[in-house]
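So the structure is just underneath, and the comments pick up after that.
The values are calculated or read from the model by the stated rules, or taken from the named source; none is laboratory data. Keep in mind the model is a prediction, meaning the values are calculated, not measured. For neighbour counting, all protein chains shown are included, and Cβ atoms are generated from backbone atoms with ideal geometry for every residue, glycine included. All accessible areas refer to the heavy atoms of the entire protein, side chains included, with ligands and DNA or RNA removed. Shrake-Rupley method; radii C 1.70, N 1.55, O 1.52, S 1.80 Å.
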Amino acid sequence: MKSEYSSPQLQAHFLELERVLERVEGASTHYQVLALKRSATAENMKSAYRQTVTLLNPSDEKHRHLDPNLQARIKRALNKVANAFSVLTNFGKRVEYDNSLVNKDPVLRSVDVPQATGVPQATGANLANKKKSADFKQRARLATDSEVINIKPSRMHQAIYTKPADQMQSAERRGFKRHKSRFPARVMGHDSVNGKWDEVAETTDVSKGGVSLRMNKAVRQGMVLLLILPLPVKLRSHGYSEPFYRVYGIVRQVKPTSDEKWIIGLEFLGASPPAGYLDKPWATFKTAR
């Protein structure tokens, strides 16, 4: 079994597989099943269908020895995807289906606004740059204000330090040895505006006490995130026999990059979230240092 998860490509595949399975299982419309907008074209649908089916049922041997429960989930997801595609690519069925959604989720139609005379029109490149900058600022703004919840310091690594603090070398007190390592990691969190979110990020370095990630999503210091990553067993504090390490972490550092991404430093908290997280997972958590 270990060999199936030995390469970064396979690790990324199974992380993405889990994300798509959760999306399909939680979808309440055919559009959500395929991750499409209501305005999607036939080509959009074909592309989304091919990508989803290829991930769920790859032509190579990635899924050769899957757990029976996972196989059952994939089979149900494939049936749901096929049904959604069948309805949405049939003109008559799609019209009927869209009409059934009108009262639940009305489609917002765009309106072309005439350009005022005397006002120079922005070029396509300028508009794209402005939109990109605005999106980046919006992501940063959504990650700022939040309610603060005080929690106790993590004790998950306490047994590792066997000497009194005053007898430790300065290097020991600073923390755990960090290892430069790049592999995919699934990150899940919440914000008070859009609710639950997740993305597949990439690690930059790891240790027994935490991890640094390169992410698209803007987060804030004190946010608690759930991580699923193929952390080496020697760096784990639980889940030693599992292919992926599930651990909650608290954001300690947030640094923007030149290409409008983020380097996020997290401290591991343990297999369970801190008190108050289940009630307000979007809150800012504060520990005594």
Enumeration of residues in the range 181-203 that are open to solvent by less than 30 Å² (accessible area, probe 1.4 Å), more than 16 Å from residue 18 (Cα to Cα) and either without any contact (Cβ under 8 Å) to a residue 60 or more places away in the chain or hydrophobic (A, V, I, L, M, F, W, C) (or both): 183, 195, 203
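Sort through 206, 224 and tell me the only one that's under 14 Å from the mean Cα position of the chain (by Cα), of a type outside the set (Gly, Ala, Ser), modelled with pLDDT of 90 or more and buried (at least 21 other Cβ atoms within 10 Å of the Cβ).
Numbers: 206 fails: under 14 Å from the mean Cα position of the chain (by Cα).
Going through 206, 224 in turn, the sole match is 224.
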Selection from the range 269-279 of residues that are outside any strand (DSSP E or B) and surrounded by 15 or more Cβ atoms within 10 Å (Cβ to Cβ): 273, 274, 276, 277
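Go through 104, 62, 80 for me and flag whichever is at negative phi and at pLDDT 95 or above. Outline the logic, then answer.
Numbers: 104 fails: at pLDDT 95 or above; 62 fails: at pLDDT 95 or above.
The conditions single out 80.
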Lone unmet requirement of (1) under 24 Å from the mean Cα position of the chain (by Cα); (2) assigned to a helix (DSSP H, G or I) for residue 82: (1)
Which members of the range 228-261 meet the condition of being out of contact with any Lys or Arg (no Cβ under 9 Å at 6 or more places or on another chain), more than 26 Å from residue 14 (Cβ to Cβ) and in contact (Cβ under 8 Å) with a residue 24 or more places away in the chain? 252, 253, 256
Quick check: is even one residue across the range 4-23 among the charged types (D, E, K, R) and at pLDDT 90 or above? yes
Among the numbered conditions (1) at pLDDT 85 or above; (2) open to solvent by less than 70 Å² (accessible area, probe 1.4 Å); (3) within 26 Å of the chain's Cα centre (by Cα), tell me where residue 71 comes up short. (2)
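Filtering the range 85-100 down to residues that are surrounded by 12 or more Cβ atoms within 10 Å (Cβ to Cβ) and assigned to a helix (DSSP H, G or I), which residue is farthest from the chain's Cα centre (by Cα)?
By that ranking, first place goes to 93.
What helices (runs of 4 or more DSSP H), lying completely within the range 3-67, carry at least 3 residues that are touching a residue at least 24 places away in the same chain (Cβ under 8 Å) and touching a helix residue (DSSP H, G or I) at 6+ places or on another chain (Cβ under 7 Å)?
8-26, 42-56
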